[in-house]
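The structure under discussion appears below in the form of structure tokens.
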Amino acid sequence: MALQYSDAVRNAQLDAVESTIGTAAVLKIYDLTAGAPANCAAAITGTVLVSITLPSDWMAAASGGSKAKSGTWQGTASGTGTADFWRLFASDGTTCHAQGTAGTSGTDIILDNASIASGQVVTVSSFSIAAGNS
């Protein structure tokens with residue numbers, strides 16, 4: 001039989017993500033010039049399109065083994081390109097804790113527009129994480 005957790009354990013695991021990363025987390029959205037890095041420790045090749053300091057309580061409390069963004073995730077672009085990748089950092093902007101794909105559909109983070117121009121306001125429309133082993 002596969003390992004299974006209760007919703008209470010799954011929710012605690014998810015809530016630990018936000019508490020580990022901390023308040024004032026920084027989301028950076030990139031236009032990659034090469035493939036996505038294998039993990040957070042790997043170097044990234046690409047242009048930072050926008051850097052967003054997230055709200056103090058940037059994720060809602062986990063429920064039913066899922067956790068969604070909280071508040072407004074929005075920033076002004078400093079670069080021009082096509083958003084296809086993101087990294088989530090601690091408040092120092094250098095300690096990476098998570099990464100994934102970005103776009104307007106079918107990606108880990110959903111943006112209002114993936115074609116970004118410098119000076120444009122970029123909004124994250126949707127982001128959620130789920131714990132496995134239910």
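Measuring with a 1.4 Å probe in the full set of protein chains, what accessible area per residue, in whole Å², belongs to the chain?
Numbers: 6480 Å² over 134 residues.
The answer is 48 Å² per residue.
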Can you list residues from other chains, or at least 5 along the same chain, whose modelled amide H is less than 5 Å from the amide H of TRP73? VAL124
Most mobile of ALA43, ALA102, ALA12 in a GNM of the chain (Cα contacts under 10 Å): ALA43
Asserting the computed 222 nm helical MRE of the chain (DSSP H runs at least 4 long, -39500 (n - 2.57) per run, divided by residue count, to nearest 500) equals -3500 deg cm²/dmol
Here segment 102-117 yields Karplus 3J(HN,Hα) values (6.51, -1.76, 1.60; θ = phi - 60°; whole Hz; Gly and Pro given as x) of 10, x, 9, 6, x, 10, 5, 10, 9, 9, 6, 7, 8, 8, 10, 10
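Once the Cα gyration tensor of segment 1-90 is diagonalised, what are the square roots of 5 times its eigenvalues, in whole Å and ordered largest first, as equivalent ellipsoid semi-axes?
Values: eigenvalues 159, 62, 21 Å².
Over the Cα atoms of segment 1-90, the ellipsoid semi-axes are 28, 18, 10 Å.
The values are calculated or read from the model by the stated rules, or taken from the named source; none is laboratory data. Nothing here was measured: the structure is a model prediction, and the numbers come from that model. Surface accessibility is based on the protein's heavy atoms, side chains included, excluding ligands, DNA and RNA. Shrake-Rupley method; radii C 1.70, N 1.55, O 1.52, S 1.80 Å.
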